[in-house]
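Single-structure report; data block below.
The values are calculated or read from the model by the stated rules, or taken from the named source; none is laboratory data. Please read these numbers as outputs of a predicted model, since none were measured by experiment. Glycine gets a Cβ as well: all are built from the backbone with ideal geometry, and neighbour counts include every protein chain shown.
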Amino acid sequence: MRVKQLFSGLAAAVAVSLSAAECLTSNSLNWTSFANQCNGSAVKTADGGYEMSKASGGDAVYLYNKDSYPVEQGKTYRVSIKLGQCDSRLKPEVMITFPGNQDRKPASYSVLFKNNAAEAYFTAQPGDKGIRIHLIAKGNGKAKVDSVLVTEAKTLPSPRTEVASDNGNLLDNDLLDWTYLANKCKGVAKKNANGSYEVTKESGGDALYFYNKNNYPVKPGKTYRVSIKLARYDATLNSILMISFPDNKGRNPASYTALLRNGEAETIFTAQPGDQGIRIHLVVDEDGTAEVASVVLKELVPLSSSPVDISNAVNMGFKDEIANDRKGGWTDQGSDNDLRIFKPGKRSFSGVMFDILDETKNNGKACIALAGKAQEWLPESVSVKADGAWTSLFLLHALAWGESAPGGITVAYKDGSKQEIPVTSADVGNWWGPCAGTNSVVAWSADNNAAYVGLYLTQYKIQDKPLASITLHSNCGPVWLIAGLSLAKGDYLIPKNVETVIFENKEWKRLELKQDIQKGSVLDFSALQDAPAGKYGRVIVNESGKFAFETTPQKAERFYGTNLNGIIYIDKTWCKRIAERLAMSGYNSVRIHHYDGDLLKKDRKGIVFDPEKVDLFDYFIFCLKEKGIYVTIDLYVSRQLVPGELSDLPEFSGLDGYKGLVFLLPSAMDNWKDFTRQFLTHVNPYTKLALKDDPVLITLSLINEDTIFDMSQNQRTSALFRKRYDSWLQKKGISPDKADNSTWNEFLSELYSRGFREMKTFVRSLGCKTPITDQNMAQNIPLTLLRSQYDYVDIHAYWDHPRMEEWALPFGIAGKSFITTGPDWLVTVMSGRILGKPFVITEFDFASPNPFRAESGPLMGAYASLQDWDALYRFAYAHHTSHILGNGHIHVNACWDISVDPVKALSDRIGILLFQRGDVSPARKCIPTIVCNDLAGNEVNRPDGWDIKQLAFVCKIGMAIVDKKCQFVSPDVFPKDAIAVNCIQSAMSAHGWGRPNLSADNASPSGILKNCLPQNIAEGLEHGLLISTTNELERNRIAGTFKAITPRSETLIVPAGTALSGKRFSVEGNTEWAVFCAASVDGKSLAESRRILVLHLTNGLYSGTKFANSQMTRLLDWGHYPCLVRTGSALLTLRGAYTGYKLYGVDLSGKRIKEIPLKCTDAALSFIASISSGPDTILAYELVKE
């Protein structure tokens, strides 16, 4: 488990001779502390105790004796800890570890505190020389540790740390006759002297069931909550709370089950007609021991709730028409990203009534938005009147631009008293990709035009006395959005969220992480490279608008790469090794990212390069080039400026706001040019070429991320933008009161275009001919027009991007599959493509811990090839050297890094074959979206013409630009294979350019498509079945399946319990959602190939990975080595003449582990792909005729 990992690396314990049992005041034990991924400390006090404190979020603060306390084999000991005080939100635990005995499990001796005291008993075993005593502070708050005592004990009792509550502890009710059943296994449940039960399961088999033999009576129509708590339990234990109804044969017990997490579980049910009594089962299906401390059943009082009138306090609506105008509604991000889909009226959310205001009847206002860093102009607090006496306050709310605690609530009572309630990150999360916290549920969710969004329901206990008012106040961190308040009495019927910890069991199996690939193995993809890089000259944009090499201009080239994030400054031996790894993984390009800050000297004035770092950079480029790996780079990423670098703003330092200053201040532009000049013209001693002349460099981006529209909103520079805007208005003769959003966009576009031309001209003046782009994030119409100046277009694309605060845990994710979820963010990216120009995504990822991320390589590779894009780059290979060296801590950026994520690494193999090798054919038909280059006639947001989301997975889409007269700016850009057009403005609705216009007045898009597309494709669009015009790709949004069926490879994405077939490859009996692929690796078709790679990919996480909820959507801890993969199995069949073939399971290096039995006939072969059985964990197979 996690704690074992944290302390396993400490120095060997030193035996200490102690004459007293009081340990805390002993200097010889060397008490110390460690804050794991959180802010906190343990400070010694004057009286010899320790004050522990921990802030919210992260893992925990650990106080422990670094030097061991000696124990003797065979003796029994009691460890007693007393706290002087402990905040209610802090969750202290005590744990015993045995540093000198690697076979000992510390979690067997882990107990919770009761009444600020805890005791742990253990008997010293062979190999135990000493112990460490760990006090663990979770949650948030402070605790004073007064004493830690170690004494010998005559017996080994089972400590009782929980007491009965509400209706009492049912374990004390002898009439229930608690017993057990060991089903196909060995086990026992025995009662302890203190009334608890010790439940033990061993020797495999099914499970041990601990339950009440005699029913506990219930009444039909009544609602009950059953809670179970364990005093202690083995780390390997996997157990379930289950309710059954013996007298009602029609009842399904599985509807009322809950996994035990951290020793607790609860479930809620309503007794139905025929229910006379219940049995409560603790089901233990993994070997181990647990002490059951309490089982409590409570009859719940029906909740009675009353909405609070907030009509006089609201300051925003749910609809927002124009972004960033400080008017309208919700987050002020425009019509594509608001909450207009949230309907008004009196509505119940999870059983709580709210009155959702109708903004059309309340002066455009319907919700409360409180100030945050992103929108400081909002109010910091609001108050509403309240009356009556209630026991709970409910909020229906969410956050924007952050995940941290947003503020607090002040409840004022009529007797003059006040109650302060903090609102923490456990209570509410981001409205994008909502995920329940430990004190919140997602009460409402839907898809707007930009993302999967939602609102959270949170309960706060208040005093049962007459109310006067309720005040909500922000701490100006994230923006706090409140849709409704409600007051209530009674019991809240939603079970609380409990933490989920991943560990090795029958659901998760250990996988040995191997990063080096065996030469010549089935996983060696280096044959896809044509080394060295640059052998055919530099990359150009050919007459067809595709990347090509200058010596072979008619042959289009594709690149599939990954990002190297600041890890290139490593030992030269490792440079060669990493380059070889990348080549053998199949990547023919890399994006060198976050390199520029480390390239400069730390103690510098101006732009001064560090010779040692430059040498390492040069050598890495040389190694990549040798292996046939091309490079793309951004000329500014994260370089920190020092004071005095900008003469126009000498006090400026750091990086925040610099990107915008390049377009505002001459000294910032000169600073950018100075770095660019030195960087591009420096001659690499290993390649003998400056980067500007080296064909290894295939593309250049001027500044990474942030568009001019984003830069103008930066807090450090927004005043400078506004000052320049005011001057621009004056020169244009435009009155400020006549200016609107389109005027602002016109100003920014002019400012940017002037700066871009200057930057591009400068790069060309250095002799650099590399294709150039910029503004590689986001998509809207003004951006499309600005990008028309570029040599190629680059946009970044992320599915289920983690939501976090300051790049630190906790992370929030939606945890959904892209296949089934709408709207399609990828279509937003696709629509940014300008027809006639190369299109590139230099950052894409389906980030961990999304459980469906194995679909990323197949989906991105397949649809990029269908759209005939030019380059894809996974973000990222690694952020930390420990991730590429295969040792050390799992860092926060593990959400991106494929070097420590074998699921994504193998998923990329599929993407490489589908896109770079070109297994998937480009679409045969196109539906362009027509954009007018008159900026005033276009919106900032995405096209509002006919909805093209689904068509992007059927045929080619992209932007084509026309002038005011509807003439194409580039005559050759209109695709000859266009079957219809989609327009932006109503003014163009009469035009079709010889094709049906899906946006024309009175047009019937479905009718047009039925005439333009084959019948099966047109009909599929109406039922969520998206079939490509090549008939190679099929995405079923309803069933959650995906097919990529090509001559050389077949990929199937299959939910659990679903069978799916391609032309030759099929899956049956699948027990877990998975990606399956059968691909020729010798370049021949599957029918003719003598060597085939078969992949079976589920989910992968690390041991000790911790989530705040059972849905695993709020990540608290990345865990530690080893890597675990989700178990699963399926019957795989490959149809064809494969007589004489052998099948081997291979490890992550491609090395053959063992031969797998095959069932062969003249027409097909089949085998069981299993991550469940046997000692080996196999995700990849080699089918070969030797």
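The set of residues from the range 1152-1184 being exposed (fewer than 14 other Cβ atoms within 10 Å of the Cβ) and among the acidic types (Asp, Glu) comprises Glu1155, Asp1162.
Taking Phe342, is it aromatic (Phe, Trp, Tyr) and either part of a strand (DSSP E or B) or free of Cβ contacts under 8 Å to residues at least 40 places away in the same chain (or both)? Considered against the rule, which asks whether it is aromatic (Phe, Trp, Tyr) and either part of a strand (DSSP E or B) or free of Cβ contacts under 8 Å to residues at least 40 places away in the same chain (or both), Phe342 comes out as no.
Conditions (1) touching a Pro at 6+ places or on another chain (Cβ under 9 Å); (2) β-branched (Val, Ile, Thr), marked per residue:
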| site | (1), (2) |
| --- | --- |
| Thr1098 | yes, yes |
| Ser1103 | yes, no |
| Ser1129 | no, no |
| Arg1135 | no, no |
| Arg1152 | no, no |
| Phe1167 | yes, no |
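If only one of Gly402, Gly408, Gly433 is in contact with a strand residue (DSSP E or B) (Cβ under 8 Å, 6 or more places away or on another chain) and more than 19 Å from Leu370 (Cβ to Cβ), which one is it? Walk me through it before giving the result.
Values: Gly402 fails: more than 19 Å from Leu370 (Cβ to Cβ); Gly408 fails: more than 19 Å from Leu370 (Cβ to Cβ).
When all the criteria are applied, what remains is Gly433.
Hey, does the range 481-502 have a residue that's within 30 Å of Lys138 (Cα to Cα), in contact with a His (Cβ under 7 Å, 6 or more places away or on another chain) and not assigned by TED's automatic domain parsing to the domain that holds Arg1126? Yes, that holds for at least one residue.
Does the range 313-333 contain at least one residue that is part of a loop (DSSP other than H, G, I, E, B), without any contact (Cβ under 8 Å) to a residue 24 or more places away in the chain and surrounded by 22 or more Cβ atoms within 10 Å (Cβ to Cβ)? Yes, there is a match, as at least one residue in the range 313-333 is part of a loop (DSSP other than H, G, I, E, B), without any contact (Cβ under 8 Å) to a residue 24 or more places away in the chain and surrounded by 22 or more Cβ atoms within 10 Å (Cβ to Cβ). Residue-level analysis places Ala60 among those that are small (Gly, Ala, Ser), at pLDDT 75 or above, under 40 Å from the mean Cα position of the chain (by Cα) and under 26 Å from Leu230 (Cβ atoms).
For the range 1110-1117, indicate whether the set of residues that are of a type outside the set (D, E, K, R), in a loop (DSSP other than H, G, I, E, B) and at pLDDT 95 or above is non-empty. No.
What residue, of Leu635, Leu664, Leu646, is under 34 Å from the mean Cα position of the chain (by Cα) and touching a residue at least 24 places away in the same chain (Cβ under 8 Å)?
From the options Leu635, Leu664, Leu646, the qualifying one is Leu635.
Comparison of Gly1024, Gly994 shows that the only residue that is within 36 Å of the chain's Cα centre (by Cα), at positive phi and not hydroxyl-bearing (Ser, Thr, Tyr) is Gly1024. Just so you know, in the range 266-296 the residues that are assigned to a strand (DSSP E or B) and over 26 Å from Asp234 (Cβ atoms) include one that is nearest to the chain's Cα centre (by Cα), and it is Ile268. If we scan the range 836-853, do we find a residue that is under 24 Å from Asp1117 (Cα atoms) and part of a helix (DSSP H, G or I)? Yes: the range 836-853 contains one or more residues that are under 24 Å from Asp1117 (Cα atoms) and part of a helix (DSSP H, G or I).
Within the range 1059-1082, the set of residues being among the polar types (S, T, N, Q) and touching a Gly at 6+ places or on another chain (Cβ under 8 Å) comprises Asn1070, Thr1071. Checking the stated criteria, Ile813 turns out not to satisfy the condition of being at pLDDT 95 or above and of a type outside the set (D, E, K, R).
Would the range 561-572 turn up any residue that is surrounded by fewer than 17 Cβ atoms within 10 Å (Cβ to Cβ) and of a type in the set (A, V, I, L, M, F, W, C)? Among the residues of the range 561-572, at least one is surrounded by fewer than 17 Cβ atoms within 10 Å (Cβ to Cβ) and of a type in the set (A, V, I, L, M, F, W, C), which makes the answer yes. Within the range 723-772, the only residue that satisfies the criterion of being under 19 Å from Asp794 (Cα atoms), touching a residue at least 40 places away in the same chain (Cβ under 8 Å), in a helix (DSSP H, G or I) and polar (S, T, N, Q) is Ser749.
Return the residues of the range 622-636 that are closer than 19 Å to Thr681 by Cβ and out of contact with any strand residue (DSSP E or B) (no Cβ under 6 Å at 6 or more places or on another chain); say none if nothing qualifies.
If we filter the range 622-636 for residues that are closer than 19 Å to Thr681 by Cβ, which is where we start, we get 622, 625, 631-636.
Phe622, Lys625, Leu635, Tyr636 - these are the residues of the range 622-636 that are closer than 19 Å to Thr681 by Cβ and out of contact with any strand residue (DSSP E or B) (no Cβ under 6 Å at 6 or more places or on another chain).
Quick grid of which residues meet (1) closer than 26 Å to Thr500 by Cβ; (2) assigned to a loop (DSSP other than H, G, I, E, B); (3) modelled with pLDDT of 95 or more:
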{"residue": "Leu393", "(1), (2), (3)": "no, no, yes"}
{"residue": "Ala405", "(1), (2), (3)": "yes, yes, no"}
{"residue": "Gly408", "(1), (2), (3)": "no, no, yes"}
{"residue": "Asp415", "(1), (2), (3)": "no, yes, yes"}
{"residue": "Glu420", "(1), (2), (3)": "no, no, yes"}
{"residue": "Ser425", "(1), (2), (3)": "yes, yes, no"}
{"residue": "Cys435", "(1), (2), (3)": "yes, yes, no"}
{"residue": "Ala443", "(1), (2), (3)": "yes, no, no"}
{"residue": "Ala446", "(1), (2), (3)": "yes, no, no"}
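Conditions tested, residue by residue: (1) modelled with pLDDT of 95 or more; (2) within 30 Å of Arg909 (Cα to Cα); (3) not small (Gly, Ala, Ser); (4) not assigned by TED's automatic domain parsing to the domain that holds Ala878.
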residue: Glu557; (1), (2), (3), (4): yes, yes, yes, no
residue: Ile568; (1), (2), (3), (4): no, yes, yes, no
residue: Ile578; (1), (2), (3), (4): yes, yes, yes, no
residue: Arg581; (1), (2), (3), (4): yes, yes, yes, no
residue: Ser585; (1), (2), (3), (4): yes, yes, no, no
residue: His593; (1), (2), (3), (4): yes, yes, yes, no
residue: Lys605; (1), (2), (3), (4): no, no, yes, no
residue: Lys613; (1), (2), (3), (4): yes, no, yes, no
residue: Tyr619; (1), (2), (3), (4): yes, yes, yes, no
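Apart from one condition, Lys1010 fits all of (1) free of Cβ contacts under 8 Å to residues at least 12 places away in the same chain; (2) within 17 Å of His1096 (Cα to Cα); the exception is (2).
In the range 687-720, which residue that is basic (Lys, Arg) and at pLDDT 95 or above is surrounded by the most Cβ atoms within 10 Å (Cβ to Cβ)? First the steps, then the outcome.
Our first condition is that a residue be basic (Lys, Arg); within the range 687-720, this holds for 688, 692, 716.
Still in the list and also at pLDDT 95 or above: 688, 692.
Details: Lys688: 10, Lys692: 21.
For the range 687-720, the residue satisfying everything is Lys692.
Residue under question is Leu378, and the condition is that it be under 26 Å from Arg326 (Cα atoms), part of a strand (DSSP E or B) and modelled with pLDDT of 95 or more; does it hold? No; evaluated as a whole, the condition is false for this residue. Can you name the condition, by its number, that Tyr1102 falls short on among (1) of a type outside the set (A, V, I, L, M); (2) outside any loop (DSSP other than H, G, I, E, B); (3) surrounded by fewer than 21 Cβ atoms within 10 Å (Cβ to Cβ)? Looking at each condition in turn, Tyr1102 falls short on (3). Of all residues in the range 1051-1090, those that are surrounded by fewer than 17 Cβ atoms within 10 Å (Cβ to Cβ) and outside any loop (DSSP other than H, G, I, E, B) total 2. Taken over the range 1027-1042, residues that are under 23 Å from the mean Cα position of the chain (by Cα) and part of a strand (DSSP E or B) amount to 3.
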